[in-house]
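The values are calculated or read from the model by the stated rules, or taken from the named source; none is laboratory data. Remember, it's a predicted structure, so these values are computed and weren't measured experimentally. All Cβ positions, glycine included, derive from the backbone under ideal geometry; neighbour counts span all protein chains shown.
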Amino acid sequence: KRPHSLCNDNCHSGSSKTKLEGKPFCCYRCRPCPEGKIANQKDMDDCLPCPEGQYPNNNHDSCLPKRIVFLSYEDPLGTSLATTAIVFACIATAVLGIFIKYQDTPIVKANNRNITYLLLISLVLSFLCSLLFIGKPEMVTCLLRQTAFGIVFTVAISCILAKTIIVILAFMASVPGSKMRRWLGKRLDNYIVVFCFFVEVVICIVWLVTSPPYSDADMNLVADEIILGCNEGSTLMFYCVLFSLLFLAIVGFCVAFQARHLPDSFNETKFISFSLLCFCSVWLSFFPTYLSTKGKYMVAVEIFSILSSSAGLLGCIFFPKCFVILLRPDLNDKKQLMRAKKEEL
């Protein structure tokens with residue numbers, strides 16, 4: 001009978017053989033496979049890595065396909081954010097309809113109506129552009145999401161800045177002998193909006209030409225998941241877009257804050273100051289939160305920041321006016337406006 005000699009039992013699947021120093025070749029130790037590797041047969045000399053897109057099961061004896069993860073419309077988080085965006089877009093559209101319907105009333109005519117309409121349209125688009133962040137990342141959506149967000153928000157903030165500057169110039173022009181009067185008839189507010197829009201478009205074009213965003217799949221962040229997302233291409237350009245918006249908002253806040261005691265129509269600058277303060281607070285808190293999250297939650301943080309800052313602008317600037325238009329029409333007349341200005345003076 002042939003002799004049969006073994007120092008130990010066979011190594012089961014999920015483990016590999018490790019030779020023992022100073023022992024015969026038939027003596028070995030069984031070592032469990034490390035993370036990311038499997039042994040699908042007995043007595044394997046080495047554990048093998050799983051193919052790309054797969055991960056080991058708990059026993060490390062077979063590979064399982066990784067789950068594909070992104071912020072989808074079917075996801076409860078994606079559904080709630082998309083619903084919120086659509087609801088706020090409808091509210092902003094309704095406010096625009098109210099202002100168009102009552103365009104000949106003093107509260108609407110008190111400021112440049114065209115700039116006001118443009119501001120409301122940009123707020124509608126800012127709510128809707130958050131939908132580009134939801135769904136499977138594709139080349140087109142990755143190219144559009146940050147650039148559309150940056151350009152639309154630039155238009156909104158520049159409209160607010162233009163409205164505030166015009167209020168200050170109008171007050172300064174009312175002083176006898178002031179040279180500011182000649183600026184009021186030159187559509188300065190339009191030039192401000194166009195200039196800010198042009199600068200932001202140039203930044204976005206440079207970004208798209210030099211290092212455009214693209215769809216990406218991260219297979220290493222989570223062991224059992226493939227996280228689909230948009231790689232920003234150039235992190236520097238991404239933060240240039242954000243900081244240009246923040247800079248514009250801070251300038252607008254400083255100007256509005258300085259003008260808060262001027263005899264403005266219906267306390268416009270006070271509401272603008274508060275709205276831009278909310279905007280700056282949201283985006284200053286965005287950076288640490290955004291950098292501390294990963295995957296679909298990182299996308300959700302940016303969507304939440306877009307929606308909350310847009311809602312802050314809409315609520316602080318336009319809801320007080322809608323209250324007067326719809327519920328206190330007695331305050332929406334020229335005599336009341338002149339009386340309020342005299343009291344402030």
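Mind checking whether some residue in the stretch 136-159 is touching a Phe, Trp or Tyr at 6+ places or on another chain (Cβ under 7 Å) and at pLDDT below 90? Taking every residue of the stretch 136-159 in turn, none turns out to be touching a Phe, Trp or Tyr at 6+ places or on another chain (Cβ under 7 Å) and at pLDDT below 90. No other residue among 37, 66 is modelled with pLDDT of 85 or more, out of contact with any Cys (no Cβ under 6 Å at 6 or more places or on another chain) and either within 30 Å of residue 142 (Cβ to Cβ) or surrounded by 12 or more Cβ atoms within 10 Å (Cβ to Cβ) (or both) apart from 66. For residue 144, indicate whether it is over 18 Å from residue 88 (Cβ atoms) and either buried (at least 19 other Cβ atoms within 10 Å of the Cβ) or not hydroxyl-bearing (Ser, Thr, Tyr) (or both). Yes, satisfied.
Among the residues of the stretch 1-34, which ones are part of a loop (DSSP other than H, G, I, E, B) and modelled with pLDDT of 80 or more? Steps first, please.
Of all residues in the stretch 1-34, those part of a loop (DSSP other than H, G, I, E, B) come to 1-14, 20-27, 33-34.
Those that are part of a loop (DSSP other than H, G, I, E, B) and modelled with pLDDT of 80 or more: 11, 12, 13, 14, 33, 34.
No other residue among 151, 121, 160 is closer than 21 Å to residue 241 by Cβ, assigned to a helix (DSSP H, G or I) and touching a Gly at 6+ places or on another chain (Cβ under 9 Å) apart from 160. Please go through the stretch 47-59 and give me each residue that is more than 8 Å from residue 15 (Cα to Cα) and either part of a loop (DSSP other than H, G, I, E, B) or in contact (Cβ under 8 Å) with a residue 12 or more places away in the chain (or both), ordered by number. Residues satisfying the conditions are 49, 50, 51, 52, 53, 54, 55, 56, 57, 58, 59. Determine if the stretch 228-237 includes at least one residue that is over 22 Å from residue 138 (Cβ atoms), loosely packed, with under 13 Cβ neighbours inside 10 Å and modelled with pLDDT of 90 or more. Yes, some residue in the stretch 228-237 is over 22 Å from residue 138 (Cβ atoms), loosely packed, with under 13 Cβ neighbours inside 10 Å and modelled with pLDDT of 90 or more. When the residues of the stretch 63-109 are filtered to those that are without any contact (Cβ under 8 Å) to a residue 60 or more places away in the chain and under 26 Å from residue 52 (Cα atoms), the one that is farthest from the chain's Cα centre (by Cα) is 63. Checking each residue in the stretch 69-80 for being buried (at least 18 other Cβ atoms within 10 Å of the Cβ) and either of a type in the set (Val, Ile, Thr) or part of a strand (DSSP E or B) (or both) picks out only 69. In the set (1) over 30 Å from residue 328 (Cα atoms); (2) surrounded by 12 or more Cβ atoms within 10 Å (Cβ to Cβ); (3) assigned by the TED database to the domain that holds residue 319, residue 83 fails one condition alone, (2). No other residue among 244, 211, 215, 178 is at pLDDT below 90 and of a type in the set (Ser, Thr, Tyr) apart from 178. Is at least one residue of the stretch 323-342 at pLDDT 85 or above and crowded, with 17+ Cβ neighbours inside 10 Å? Yes. I'd like to check something: does the stretch 199-209 contain any residue that is in contact (Cβ under 8 Å) with a residue 12 or more places away in the chain and within 30 Å of residue 55 (Cα to Cα)? The answer is no; no qualifying residue exists.
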